[in-house]
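Taking it in order: structure first as structure tokens, then the write-up.
Every number here is computed from the coordinates shown, using simple stated rules; none is lab data. Owing to the predicted nature of the structure, the values given are computational and were not obtained by experimental measurement. Using ideal geometry, Cβ is built from the backbone for each residue, glycine included, and neighbour counts are taken over all protein chains shown.
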Amino acid sequence: MSSPGLSTSLDQGAPPPATGITPTRSPKAGSLRRRLPGSLAWHIGSLAILAVILYPVVWVVGGSFKKSEDIIGSLDLFPGDPIVSNYTRLTEGIADISVSTFFLNSLTLAVGSVVGILVSCSLTAYAFAKIKFAGRNLLFTLMIGTLLLPYHVLLIPQYVLFRNMEMINTYTPLLLPKYLATEAFFVFLMMQFMRNLPKELDEAARLDGCGHLRIYWSIVLPLCRPALITSAIFTFINAWNDFMGPLIYLNEPDKYTVSLGLKMFVDQEGLANYGGMIAMSLVALLPVLAFFVTFQRYLIDGMATSGLKG
Amino acid sequence: MGTTVTHAPATEGLTKDSEPRHGPVNSPRPAALKRRGRRETLAGYLFMSPWIAGFLLLTAGPMVASLYFAFTDYNLFDAPKWVGLDNFSEMFDDPRWQHSVRVTLWYVVVGTPLKLFAALGVALLLAQSRRGQAFYRAAFYAPSLIGASVSIAIVWKAIFSDDAIVDRTQKLFGVDAGGWTGDPDLIIYSLVALTVWQFGAPMVIFLAGLKQVPRELYEAAEVDGAGKLRRFWNITLPMISPVLFFNVLLETIHSFQIFSSAYIVGGGAGGNACGPADGSMVYTCYLYVQGFENSRMGLASAMAWMLLVAVALVTAVLFWSQKRWVHYEEGA
């Protein structure tokens, strides 16, 4: 399905690479106009959108302190008499498995994914950006093609493959793809970044007799930190949120991730324990929200640069 | 429309700075260069070996396998049995499959444009540099990160259920439709709302595009007396059309593949249902049900290939259409 034309056009269709994460950030252009009425309308508009955006998040915070029976029916965002029993209930675990097990499982998968993506995608990106080798354009086209390929086409045969290798109920099917650079998005992101690095650096290193491995490790990787950080955060969040992968490959509750544990919670207790469900939903979101608050700059710049979803 | 459409010069993604221009003139020792070229090629393939292994093992191989399974009856336990086109004819005759196609198309056709309109509208608002711009941009982007989580799907199910906020609000306007998630016809709109809520990701891309539009163009147009609407139509839109194209392509492909939120908002698979009366039975949900609950791996593979064909067709149509409406800067 991938043709050379496809790669050409995608390359052009993407926003110019120099806008977002570039080694040096240009100061914001444009001046602050201070026409009061326009400014006021702007702020009212922005605040109105903000209210819509934030409503579900505020709702889940408030709901987690409400009694189960008050969560749906009441329009008050926050309860008159807040309770914490929804949270204390979580310490009892879900189906005899402690909530911390799910968190540890998710953390294992997320950190494992980050390591895999950083290593494999940066190697691939280096080859595309810095090495001139026969067949490079063809491989690049294939890689861009995988960006547009619906994952579901691979779902069943990959499942069959991992099943035949007796890897169901292990983390291998979820981690191995990350170590084999199958996430073309991150290869693309890192490649764009590497191509914008000053050429003189690695040319000088080559003249000094450095091999590619040395240039990759000592020159290119350190300079690529912003792109690596962006990729790491996106990978962590995607792995943390992933639902379909764990749903298919894991079937013993003590291996479940937070997403699956939450789904199991919903299926088992449902409306009877709405409060606990909402509290657990919020707790499951916290790592992602924390990452976002800390690293939002990298995430947004990363998005703007490659214009793709993780 | 009055937009000038220029053909993009065929700049290959990589050729610009690649291919050393060696030839007899400036290569005094062709043998040494050749040796170096071979070494480079070896290095290239070594660096790429994880990707190549992954491509063969996890992408190309599975695609071929999937194509083969599509023509077989395969339940995971017995060897696949060749059945020719049976899976496809069964699929096309299956009312539940037809229903899942309708639900998905409706979701794509309603959800994607709404999301992109929201993204572009808010991007235009935020493109004005004012105090707080960075904060709003970050806040509006946040849903794109958490929107795919099980947590948000659960929250969504709650706020769109009977007697919750959405139901109460519509009652204020005299609409007594009940909660959306309990209604076979309405549940899909709660999913549309969920995707529109995540407009932040395309918005950030639009913003990056808007920043690239040269200010002189607007100044010149203003001197010529062009109004706001005209400036948007004749300058902004053509100038950001590559970004628009990119967003349309990615968001469309993406929304064809909606799974988790439909699966969870719809209540999951318990009893093979996805939403009341299959209201949120999107294509991939049905694929999951057939493959992993009914162990019909052959049929599910056929469904996956139909999805691939549909996505490829949409992609092809979009690429074909871009020469009519996408404006690329010379040398961009």
Region A:38-83, relative contact order [Cα under 8 Å, separation at least 6], %: 33
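Using helices alone, I'd like the mean residue ellipticity at 222 nm for chain A: each DSSP H run of four-plus residues gives -39500 (n - 2.57), total over residue count, nearest 500. Numbers along the way, then the final one.
On the way: 14 runs with 203 residues, N = 310.
Result for chain A: -21500 deg cm²/dmol, rounded to the nearest 500.
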Three-way shape label, region B:136-175, alpha-carbon gyration tensor, a/c 1.5: oblate
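What's the exposure ranking of A:Thr124, A:Thr170, B:Thr195, A:Thr101, going from fewest to most Cβ atoms within 10 Å? List each step's numbers first, then the result.
On the way: A:Thr124 29, A:Thr170 15, B:Thr195 23, A:Thr101 18.
Sorted ascending by nearby Cβ count, the order is A:Thr170, A:Thr101, B:Thr195, A:Thr124.
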Label-zone membership for region B:120-137, site A:His43, 7 angstrom Cα→C-beta point, backbone N under 17 Å: B:126, B:128-137
Shape call, region A:206-275: gyration tensor on alpha carbons, a/c limit 1.5: prolate
Per-residue average of Cβ from other chains inside 10 Å of A:272-285: 3
A:Trp217 paired with B:Leu57, simple spin-label distance in nm, labels 7 Å along Cα-to-beta-carbon: 2.3
Estimated FRET transfer efficiency (A:Glu92, B:Leu124; beta-carbon r; R0 45 Å; 0.05): 0.35
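Could you check how many percent of all C-alpha pairs in the protein assembly as shown are farther apart than 42 Å?
27
Would you mind putting A:208-221, B:250-263 in packing order, based on average other-beta-carbon counts within 10 Å, highest first?
Numbers: A:208-221: 15.9, B:250-263: 22.1.
The peptides rank, most packed first, as B:250-263, A:208-221.
Using the Kyte-Doolittle scale, which helices in chain A average at least -1.0 and also have C-alpha atoms spread 27 Å or more along the helix axis, with helices defined as whole DSSP H runs? Can you show the working numbers first?
Numbers: long enough: A:36-63 (38 Å, 1.65); A:99-130 (45 Å, 1.47); A:274-306 (41 Å, 1.27).
Both cut-offs are met by A:36-63, A:99-130, A:274-306.
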Nonlocal amide H pairs with A:Ile94, under 5 Å, H built at 1.01 Å: A:Val99
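By the gyration tensor of its Cα atoms, with a ≥ b ≥ c the square roots of the eigenvalues, what is the shape of chain A: rounded for a/c under 1.5, prolate for a/b over b/c, or oblate?
Working: a/c = 2.34, a/b = 1.36, b/c = 1.71.
Taking the square roots of the gyration eigenvalues as a ≥ b ≥ c, chain A is oblate.
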DSSP-loop trypsin sites (Lys or Arg not before Pro) across region A:53-124, with at most 16 other Cβ within 10 angstrom: A:Lys67
Vicinal HN-Hα couplings computed from phi for region B:121-136 (Karplus, 6.51 cos²θ - 1.76 cosθ + 1.60; Hz; Gly/Pro x): x, 5, 4, 5, 5, 6, 5, 6, 7, 9, 4, x, 4, 5, 5, 4
Sites A:Asp254 and B:Asp224, calculated FRET efficiency, Cβ-Cβ separation with R0 51 Å, nearest 0.05: 0.15
Mean residue ellipticity (222 nm) of chain B, computed from DSSP H runs ≥ 4 via -39,500 (n - 2.57), nearest 500: -19000 deg cm²/dmol
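Could you tell me the relative contact order of chain B? Use alpha-carbon pairs under 8 Å, at least six residues apart, and round to a whole percent. Kindly include the intermediate steps, with their values, before the conclusion.
Details: 372 pairs, mean separation 96.5, N = 332.
Worked out over chain B, it gives 29 percent.
Provide a whole-number value for the mean count of partner chain Cβ atoms within 10 Å of the Cβ atoms in peptide A:177-184.
Counting other chains' Cβ atoms within 10 Å and averaging over A:177-184 gives 5.
Given Cα pairs under 8 Å that are at least 6 residues apart, what percent is the relative contact order of region A:221-310?
On the way: 37 pairs, mean separation 35.4, N = 90.
That works out to 39 percent.
Other chains near B:35-44: what is the mean number of their Cβ atoms within 10 Å of each residue's Cβ?
Numbers: counts 0, 0, 3, 2, 4, 6, 6, 3, 10, 12.
Mean number of neighbouring Cβ atoms from other chains: 5.
Taking only the alpha-carbon atoms of region B:86-325, what semi-axes of the equivalent ellipsoid follow from 5 times the gyration tensor eigenvalues under a square root, in whole Å, largest first?
Values: eigenvalues 272, 113, 42 Å².
Equivalent-ellipsoid dimensions as semi-axes: 37, 24, 14 Å.
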Too-long pairs where the Cα-Cα distance tops 23 Å, listed order kept, from B:Lys115/B:Lys211; A:Lys66/A:Lys263; A:Lys132/A:Lys178; A:Lys255/B:Lys157; A:Lys263/B:Lys115; A:Lys67/A:Lys255: A:Lys132/A:Lys178; A:Lys255/B:Lys157; A:Lys263/B:Lys115; A:Lys67/A:Lys255
Cβ crowding within 10 Å averaged over residues, with A:139-148, A:195-204, B:82-91 ranked highest first: A:139-148, B:82-91, A:195-204
Karplus (6.51, -1.76, 1.60) ³J(HN,Hα), θ = phi - 60°, over region B:179-196, in Hz, Gly and Pro reported as x: x, 6, 6, x, 10, x, 8, 9, 4, 5, 6, 5, 6, 4, 4, 5, 6, 5
Integer Hz, Karplus 6.51/-1.76/1.60 couplings in order for region B:293-298, x for Gly and Pro: 9, 9, 6, 9, 5, x
Residue order, fewest to most surrounding Cβ atoms within 10 angstrom, among A:Trp240, A:Trp42: A:Trp42, A:Trp240
Built amide H within the under 5 Å cut-off of B:Asp73, gap 5+: B:Lys81, B:Trp82, B:Val83
